[in-house]
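**Q** Right, I'll just put the structure down here and ask away after.
The values are calculated or read from the model by the stated rules, or taken from the named source; none is laboratory data. These numbers were taken from a predicted model, which means no experiment stands behind them. Cβ sites come from the backbone with ideal geometry, for glycine too, and all protein chains shown count toward neighbours. Remember, those area values only see protein heavy atoms, side chains included, never the ligands or the DNA or RNA. Shrake-Rupley method; radii C 1.70, N 1.55, O 1.52, S 1.80 Å.
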Amino acid sequence: MEKLKERLVMEIGSAEDLSASLKIYTSFYLLIPEYKFVFSSPKGPYPGFQTNKKFEHGASIRSLFNDENVFVMDPKTIEEMFSDKGHSTFKIDYSISLDSQALSYLRPYIKGKVSGLDDDIEEIFKFISHKNTQVDSVLYELENLENLDGKESHHKIFDKLMGYEFIKDVDLIKSGTTGILTSKISQGELFLNTDKHFSSLLTKHKDSEFRRALRYRYDSIYAYVLMMSIIQIKSPARTLKNKLIDLLRFADTKVGFLATRELILASEFFKRGTEFRFFNKIHKKSKNMWPALQGMAWDLTHCRYLEQAITFNTGNDERYFFPGILSCDRGFIEVMELTPLKAVAFDTQGGPPLLFYHDNDVKKITGDIPAVNDFYQQLCSKQKREERANVRNAPTYDLHYMVTELEEELESVALVPRQRADSAGS
């Protein structure tokens, strides 16, 4: 039965268009009542925030999808749609996660220090401090958990969180009248709210199991970023075909999984080199290479958070939760624009989400090169998937050690000594 369910979910998510997916779902949804599907669609429910909103100078809010709306499938929604009512009405929840760069601009802006901040900061501040806009600081917190190891970073993190707490109670009317940013609460209350927020972060910092899981997710992406950097820096003039095959071999036999988003980005990097803005600091003798690489890995880890967040049950009778990211990083924004999802399916009883990319994304991965495409198709076979699972489950599989080896190789290839990036001050 489980195999049948898995096959049905895959067929629904990978059908050639939305109408085909809906036809399969309506025919068999009673066999998979625990599953929900969210499709990118020009029609359907509005996710509760200005999806893919662009600010004047390039900062942006991005979701997992390219379309402004979504189309959802679950037993209750489908039965309501096909009832005498002819439509379904339900509650949703949403939140916009500020990436570390966006959140770090808040405190200086509140203090009146505009110089050196993003050109969109004023427009961003007005948008996120509106009473109908829901934002969170999750991404900044995840990225800075390790920085709590050293107490010298605590005051920096506390200060950034105070900027976030300020926007939750900003007095927009008074601020607009006086021209001075004003809070509805006293400085003492603001400090207490920040202290509670910081204390909850310290509690999360002490959760060793959570931190191990986060480190594993980060390392799995960082390994890819390191390997594609090694391939490109070592021999930038090699053919795209050879670079892609090298990375796919690494994915298959070394790291043990195919990461679609990272493979798409690698193909783009191999074609454009440092002209691809996300990778513009990844080259030989680049002084900023190591902090950039670690920041890039965190950006891509945050994409994984969005994928997981869409499965959240907020417990308040909302049928769906829709997450987004607000970023001032133009390179990261381009990454999200290059790698939108077609659909997400998830089991409401638990487990990781199942991601469906667009049909033409295989061409993005393979560069539409026949030999690379053939090799990639081989790697997608059931036998190869099982072999990769064996690689990951082997007692000798050590992702963190693998990352260390890759760092050593990149250090040698790029001629740049390794260094630790401190994201708390970013």
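**Q** Restricting region 355-404 to residues that are part of a loop (DSSP other than H, G, I, E, B) and touching a residue at least 60 places away in the same chain (Cβ under 8 Å), which is farthest from residue 257 (Cα to Cα)? Explain how you work it out, then say what you get.
**A** Let us first name the residues in region 355-404 that are part of a loop (DSSP other than H, G, I, E, B), namely 357-360, 367-369, 380-381, 394-398.
Restricting the remaining residues to those that are touching a residue at least 60 places away in the same chain (Cβ under 8 Å) gives 357, 359, 367, 369, 380, 397.
Details: 357: 16, 359: 20, 367: 20, 369: 21, 380: 10, 397: 12 Å.
Ranking the candidates gives 369 first.
**Q** Kindly provide the set of residues from region 30-49 that are farther than 19 Å from residue 305 by Cα and either assigned to a loop (DSSP other than H, G, I, E, B) or out of contact with any Leu (no Cβ under 9 Å at 6 or more places or on another chain) (or both), ordered by number. Steps first, answer last, please.
**A** Quick first cut of region 30-49, residues farther than 19 Å from residue 305 by Cα only: 30-35, 41-46.
Those that are farther than 19 Å from residue 305 by Cα and either assigned to a loop (DSSP other than H, G, I, E, B) or out of contact with any Leu (no Cβ under 9 Å at 6 or more places or on another chain) (or both): 30, 32, 33, 34, 42, 43, 44, 45, 46.
**Q** Please tell me if residue 23 is of a type outside the set (Ser, Thr, Tyr), part of a helix (DSSP H, G or I), more than 30 Å from residue 291 (Cβ to Cβ) and at pLDDT below 90.
**A** Values: of a type outside the set (Ser, Thr, Tyr): yes; part of a helix (DSSP H, G or I): yes; more than 30 Å from residue 291 (Cβ to Cβ): yes; at pLDDT below 90: no.
Considered against the rule, which asks whether it is of a type outside the set (Ser, Thr, Tyr), part of a helix (DSSP H, G or I), more than 30 Å from residue 291 (Cβ to Cβ) and at pLDDT below 90, residue 23 comes out as no.
**Q** What number of residues within region 187-215 satisfy the criterion of being open to solvent by less than 40 Å² (accessible area, probe 1.4 Å) and either within 28 Å of the chain's Cα centre (by Cα) or touching a residue at least 40 places away in the same chain (Cβ under 8 Å) (or both)?
**A** The qualifying residues number 6.
**Q** Still on this structure, I have one more. Looking for something among the hydroxyl-bearing types (Ser, Thr, Tyr) and touching a Ser or Thr at 6+ places or on another chain (Cβ under 7 Å) - is there at least one such residue anywhere in region 319-329? Spell out how you get there, then give the answer.
**A** Within region 319-329, the subset among the hydroxyl-bearing types (Ser, Thr, Tyr) is 320, 327.
Cutting the leftovers down to touching a Ser or Thr at 6+ places or on another chain (Cβ under 7 Å) gives us 327.
Yes, there is a match, as at least one residue in region 319-329 is among the hydroxyl-bearing types (Ser, Thr, Tyr) and touching a Ser or Thr at 6+ places or on another chain (Cβ under 7 Å).
**Q** Residue 104: in contact with a Leu (Cβ under 8 Å, 6 or more places away or on another chain), of a type in the set (Ser, Thr, Tyr), closer than 30 Å to residue 161 by Cβ and surrounded by 21 or more Cβ atoms within 10 Å (Cβ to Cβ), yes or no? Before you say what the answer is, go through the steps one by one.
**A** Values: in contact with a Leu (Cβ under 8 Å, 6 or more places away or on another chain): no; of a type in the set (Ser, Thr, Tyr): yes; closer than 30 Å to residue 161 by Cβ: yes; surrounded by 21 or more Cβ atoms within 10 Å (Cβ to Cβ): yes.
No, not satisfied.
**Q** Could you list, in sequence order, the residues of region 97-114 that are in contact with a helix residue (DSSP H, G or I) (Cβ under 9 Å, 6 or more places away or on another chain), assigned to a loop (DSSP other than H, G, I, E, B) and either of a type in the set (Gly, Ala, Ser) or at pLDDT 90 or above (or both)?
**A** Residues satisfying the conditions are 99, 105.
**Q** On to the next question. Would you mind stating whether residue 78 is closer than 24 Å to residue 2 by Cβ and β-branched (Val, Ile, Thr)?
**A** yes
**Q** Please identify the pairs in which a residue from region 4-17 that is at pLDDT 95 or above has its Cβ atom under 9 Å from the Cβ atom of a residue that is open to solvent by less than 10 Å² (accessible area, probe 1.4 Å) and part of a loop (DSSP other than H, G, I, E, B), counting only partners at least 6 apart or on another chain.
**A** Sorted first by the residue in region 4-17, then by its partner, the pairs are 8/32; 9/32; 12/32.
**Q** Still on this model: For region 346-357, which residues satisfy the criterion of being open to solvent by less than 70 Å² (accessible area, probe 1.4 Å) and within 19 Å of residue 25 (Cα to Cα)?
**A** Restricting attention to region 346-357, the residues satisfying the condition of being open to solvent by less than 70 Å² (accessible area, probe 1.4 Å) are 346-347, 350-351, 353-357.
Correct list: 346, 347, 353, 354, 355, 356, 357.
**Q** Would you mind telling me which numbered condition in (1) in a helix (DSSP H, G or I); (2) of a type outside the set (S, T, N, Q); (3) over 30 Å from residue 319 (Cα atoms) residue 336 fails?
**A** (3)
**Q** If you go through region 72-96, how many residues are among the hydrophobic types (A, V, I, L, M, F, W, C) and either over 28 Å from the mean Cα position of the chain (by Cα) or closer than 22 Å to residue 261 by Cβ (or both)?
**A** Of all residues in region 72-96, those among the hydrophobic types (A, V, I, L, M, F, W, C) come to 72-73, 78, 81-82, 90, 92, 96.
Pick out the ones that are also either over 28 Å from the mean Cα position of the chain (by Cα) or closer than 22 Å to residue 261 by Cβ (or both) and you get 78, 81-82, 96.
Result for region 72-96: 4.
**Q** Could you please let me know if residue 285 is surrounded by fewer than 18 Cβ atoms within 10 Å (Cβ to Cβ), over 21 Å from the mean Cα position of the chain (by Cα), in contact (Cβ under 8 Å) with a residue 60 or more places away in the chain and in a helix (DSSP H, G or I)?
**A** On the way: surrounded by fewer than 18 Cβ atoms within 10 Å (Cβ to Cβ): yes; over 21 Å from the mean Cα position of the chain (by Cα): yes; in contact (Cβ under 8 Å) with a residue 60 or more places away in the chain: yes; in a helix (DSSP H, G or I): no.
No: the conditions fail for residue 285.
**Q** Next question. In region 216-245, what residues are touching a Phe, Trp or Tyr at 6+ places or on another chain (Cβ under 6 Å) and free of Cβ contacts under 8 Å to residues at least 40 places away in the same chain?
**A** Answer for region 216-245, where residues must be touching a Phe, Trp or Tyr at 6+ places or on another chain (Cβ under 6 Å) and free of Cβ contacts under 8 Å to residues at least 40 places away in the same chain: just 243.
**Q** Among the candidates 374, 368, 398, 359, which residue alone is of a type in the set (D, E, K, R) and on the phi > 0 side of the Ramachandran plot? Before the answer, list the steps.
**A** Working: 374 fails: on the phi > 0 side of the Ramachandran plot; 398 fails: on the phi > 0 side of the Ramachandran plot; 359 fails: on the phi > 0 side of the Ramachandran plot.
The conditions single out 368.
**Q** Could you tell me which of the residues 305, 218 is of a type in the set (Ser, Thr, Tyr), open to solvent by less than 20 Å² (accessible area, probe 1.4 Å) and not in a loop (DSSP other than H, G, I, E, B)?
**A** Values: 305 fails: open to solvent by less than 20 Å² (accessible area, probe 1.4 Å).
Answer to the selection: 218.
**Q** Let me ask another. Residue 393 - would you say it is open to solvent by 70 Å² or more (accessible area, probe 1.4 Å), under 26 Å from the mean Cα position of the chain (by Cα) and within 21 Å of residue 265 (Cβ to Cβ)?
**A** Details: open to solvent by 70 Å² or more (accessible area, probe 1.4 Å): yes; under 26 Å from the mean Cα position of the chain (by Cα): yes; within 21 Å of residue 265 (Cβ to Cβ): no.
Here the answer is no, as residue 393 does not meet what is asked.
**Q** Please determine whether any residue of region 343-354 is among the β-branched types (Val, Ile, Thr), in contact (Cβ under 8 Å) with a residue 24 or more places away in the chain and not in a loop (DSSP other than H, G, I, E, B).
**A** Step one: of region 343-354, the residues among the β-branched types (Val, Ile, Thr) are 344, 348.
Filter once more, so that each one left must be in contact (Cβ under 8 Å) with a residue 24 or more places away in the chain: 344, 348.
So of that shortlist, the ones also not in a loop (DSSP other than H, G, I, E, B) come out as 344.
Yes: region 343-354 contains one or more residues that are among the β-branched types (Val, Ile, Thr), in contact (Cβ under 8 Å) with a residue 24 or more places away in the chain and not in a loop (DSSP other than H, G, I, E, B).
**Q** Report whether or not residue 116 is more than 28 Å from residue 41 (Cβ to Cβ) and small (Gly, Ala, Ser).
**A** Working: more than 28 Å from residue 41 (Cβ to Cβ): yes; small (Gly, Ala, Ser): yes.
Criteria met by residue 116.
**Q** Residues 260, 239: which one is surrounded by fewer than 19 Cβ atoms within 10 Å (Cβ to Cβ), β-branched (Val, Ile, Thr) and over 22 Å from the mean Cα position of the chain (by Cα)?
**A** On the way: 260 fails: over 22 Å from the mean Cα position of the chain (by Cα).
Just a single option satisfies the conditions, and that option is 239.
**Q** Taking region 58-96 only, how many residues are farther than 23 Å from residue 342 by Cβ, touching a helix residue (DSSP H, G or I) at 6+ places or on another chain (Cβ under 8 Å) and open to solvent by 40 Å² or more (accessible area, probe 1.4 Å)?
**A** Of the residues in region 58-96, 3 are farther than 23 Å from residue 342 by Cβ, touching a helix residue (DSSP H, G or I) at 6+ places or on another chain (Cβ under 8 Å) and open to solvent by 40 Å² or more (accessible area, probe 1.4 Å).
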